[in-house]
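As structure tokens, the structure follows; a few thoughts come after it.
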Amino acid sequence: MAVSTLHNEKELLILASQGDEPAFTQLFHAYHHRLGSYVLQLTKSNETAEEIVQDVFIKIWTNRESLATVEHFGSYLFVLSRNHAFNCLRQIAREQIRKRKAEESIKKWYENENPLKTEEDYFPILDEAVEKLPAQQQTAYILSRRKRLKYDEIAQRMQISRETVKKYLQLANRFIVSYMRSHGDILMLLVLAVISAIKR
């Protein structure tokens, strides 16, 4: 349980519940460092921990009217953050399972339908599409699909936010699918459709 360092916390909660932004800002600064450290212990990811802390404070501000009834803000805050962190971890685990199953299905389909063809027989058009991407989208795509880096790792290497990485990959996938469709590569459209669904 978090111990408050604010002697006027109850007053700040009441003011924040009435829409007082400076009061809410004081509450944020009093807790966000300790909260971030706590969530980091759960998620083992600085980027994920930061997003969770931001999400929690946004949620609290959105429902600020209820702050006037909160007796122990620190405990309230840490419980919300813990629950949100666990939900995020469960979602990440589910996405990893779906990705693994999809990759296995694609591999089996590829082996059964194309036993005599190599990967190189199908990928020239994909390479053409990747070459036509804007520089930043191309870099993000290559790091994700070919280097197998995670969003956090790509963001760190490219010195951009995790959300920007996601946006670049969405735009890249959209262009590549359109390009593959225009060139009639059905196999690659299947692969890209599955991968795009996994990444959402």
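The values are calculated or read from the model by the stated rules, or taken from the named source; none is laboratory data. This is a predicted model, so every value here is computed, not measured. Please note: Cβ atoms are built from the backbone with ideal geometry, for glycine as well, and neighbour counts cover all protein chains shown.
Among what's in the stretch 145-164 and is part of a helix (DSSP H, G or I) and within 20 Å of residue 131 (Cβ to Cβ), pick the residue that is nearest to the chain's Cα centre (by Cα). The selected residue is 154. Restricted to the stretch 39-55, and to residues there that are polar (S, T, N, Q) and part of a helix (DSSP H, G or I), the residue that is farthest from residue 27 (Cα to Cα) is 43. Residues considered: 74, 19. Of these, the only one that is at positive phi, of a type outside the set (D, E, K, R) and in contact (Cβ under 8 Å) with a residue 24 or more places away in the chain is 19. Just so you know, in the stretch 146-157 the residues that are surrounded by fewer than 18 Cβ atoms within 10 Å (Cβ to Cβ) and touching a residue at least 12 places away in the same chain (Cβ under 8 Å) include one that is farthest from residue 44 (Cα to Cα), and it is 157.
In the stretch 13-21, the count of residues that are at pLDDT 90 or above, in contact with an Asp or Glu (Cβ under 9 Å, 6 or more places away or on another chain) and among the hydroxyl-bearing types (Ser, Thr, Tyr) is one or more. Scanning the stretch 166-183 for residues that are closer than 14 Å to residue 134 by Cβ and either hydrophobic (A, V, I, L, M, F, W, C) or not assigned by TED's automatic domain parsing to the domain that holds residue 132 (or both) yields a total of 5.
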